[in-house]
1. How are the C-alpha pair distances of the chain spread across 20 Å bins, as whole percents from the shortest bin up?
2. Along its principal axes, what span do the Cα atoms of region 122-266 show, with the longest given first and each in whole Å?
3. Pull up all non-local amide H partners of LEU154: gap of 5 or more, or a different chain, and H-to-H distance under 5 Å with H placed in the peptide plane.
4. Taking 28 Å as the cut-off for C-alpha to C-alpha distance, list the pairs among LYS118/LYS309; LYS131/LYS217; LYS116/LYS299; LYS257/LYS299; LYS116/LYS311 that go past it.
5. Which of TRP69, TRP102, TRP138 ends up with the largest GNM mean-square fluctuation for the chain, with Cα atoms connected below 10 Å?
6. Could you pull out every residue, at least 5 positions away or on a different chain, whose amide H is within less than 5 Å of the one on SER287? Hs are placed 1.01 Å off N in the peptide plane, and Pro or chain starts have none.
7. Hey, any idea what % of the chain's accessible area is carbon plus sulfur with a 1.4 Å probe?
8. I'd like the Karplus ³J(HN,Hα) series for region 179-187: coefficients 6.51, -1.76, 1.60, θ = phi - 60°, whole numbers in Hz, and an x wherever there's a Gly or Pro.
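The values are calculated or read from the model by the stated rules, or taken from the named source; none is laboratory data. If you're wondering where the values come from, they're calculated on a predicted model, not measured in any experiment. Cβ placement follows ideal geometry from the backbone for every residue including glycine, while neighbour counts extend to all protein chains displayed. Note: accessible area is taken over every heavy atom of the protein model, side chains too, but ligands, DNA and RNA are not part of it. Shrake-Rupley method; radii C 1.70, N 1.55, O 1.52, S 1.80 Å.
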Amino acid sequence: MHTFVFIYHDYHISMTAAAVSEPKPKKPNWLRVKLPIGEEYKHVRNLVDTHKLHTICESGNCPNMGECWGEGTATFMILGNICTRSCAFCAVATGRPEAVDWDEPQRVAEAIHLMKVKHAVITSVDRDELKDGGSTIWYNTIKAVKALNPGTTLETLIPDFKAQRHNIQPIIEAAPEVVSHNIETVERLTRQVRIQAKYGQSMETLAILKEGGMRTKSGIMLGLGETREEVIRTMEDLRGQSVDVITIGQYLQPTQKHLGVQRFVHPDEFAEFREIGYGLGFDYVESGPLVRSSYHSEKHVIPGWGVGKWKAEKNTML
Ligand code: SF4
């Protein structure tokens with residue numbers, strides 16, 4: 001059984017000329033990944049092409065595509081691949097989205113069934129032009145996946161739905177195992193990095209999900225100019241909304257048109273944020289240069305798994 005991942009990243013066309021044309025700093029060796037090869041990769045490749053599924057692995061230039069696909073996993077998004085927003089780090093196209101495809105929920109459920117996956121992650125672009133923000137397709141997709149794949153656990157990486165409770169409620173009613181929404185960066189940089197989003201609004205979306213009894217998750221990218229103190233403050237704010245799981249990874253510039261990488265954060269700093277995260281009470285902290293929202297997400301659905309492993313590591317060091 002494999003993990004089938006629909007990954008949402010929040011990434012796109014940048015803002016200030018100076019920042020966008022900076023030469024790319026040389027990638028350190030800890031960000032080198034193996035090229036995708038092997039039968040399983042080809043198998044997933046074939047599935048994606050045959051079923052015309054939108055993958056964010058490709059449009060998001062995810063560095064883990066090789067590992068994920070090599071392990072028989074893949075990443076897809078629903079609601080098309082044109083977003084109504086233009087985040088300055090995101091490789092997804094911005095513009096007038098396609099018409100809603102009401103057959104998509106069943107097609108996604110069938111692909112998961114075909115792949116026999118034990119865990120699936122679903123994500124989408126933002127559809128601010130739709131009255132429900134796309135939450136009906138979200139609800140239909142979760143229900144279709146669960147109906148056809150009762151043994152598969154599900155993470156839904158959702159937009160902020162402008163923190164509108166009536167558009168978030170269908171996700172809560174469909175009850176995936178984990179609901180994630182990425183805060184992406186620290187409060188000071190939010191305006192620059194996620195132009196149409198608001199830091200407080202995203203925190204509110206996470207609060208509504210927690211009030212609805214969901215296991216919640218959020219993610220931050222580093223290397224955009226944030227300070228150590230700002231990262232810790234963001235982790236504290238997420239714990240303030242009782243967020244259970246956090247992912248912390250390195251931002252990578254998709255193209256020269258996107259925000260430049262301010263710095264490559266050393267793996268030791270990611271390890272330190274992992275310690276700080278468990279100290280703040282997160283149930284699971286996934287922190288590392290190559291970490292993306294859905295990296296190892298099959299483990300994020302298990303309450304106590306992450307913190308249990310961390311405590312065991314502590315005990316072995318005693
Ligand atoms: S909201 Fe749209 S532009 Fe922003 S990260 Fe998500 S898909 Fe990309």
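1. 34, 61, 5
2. Projected onto the principal axes, the Cα atoms of region 122-266 cover 45, 32, 28 Å.
3. ALA120, GLU177, VAL178
4. Working: LYS118/LYS309 21 Å; LYS131/LYS217 25 Å; LYS116/LYS299 17 Å; LYS257/LYS299 35 Å; LYS116/LYS311 33 Å.
Check vs 28 Å cut-off fails for LYS257/LYS299; LYS116/LYS311.
5. TRP102
6. Those lying under 5 Å, H to H, from SER287 are ILE248.
7. It is 56 percent, rounded to a whole number.
8. Once θ is set to phi - 60°, the couplings for region 179-187 become 10, 10, 8, 7, 7, 6, 8, 7, 4 Hz.
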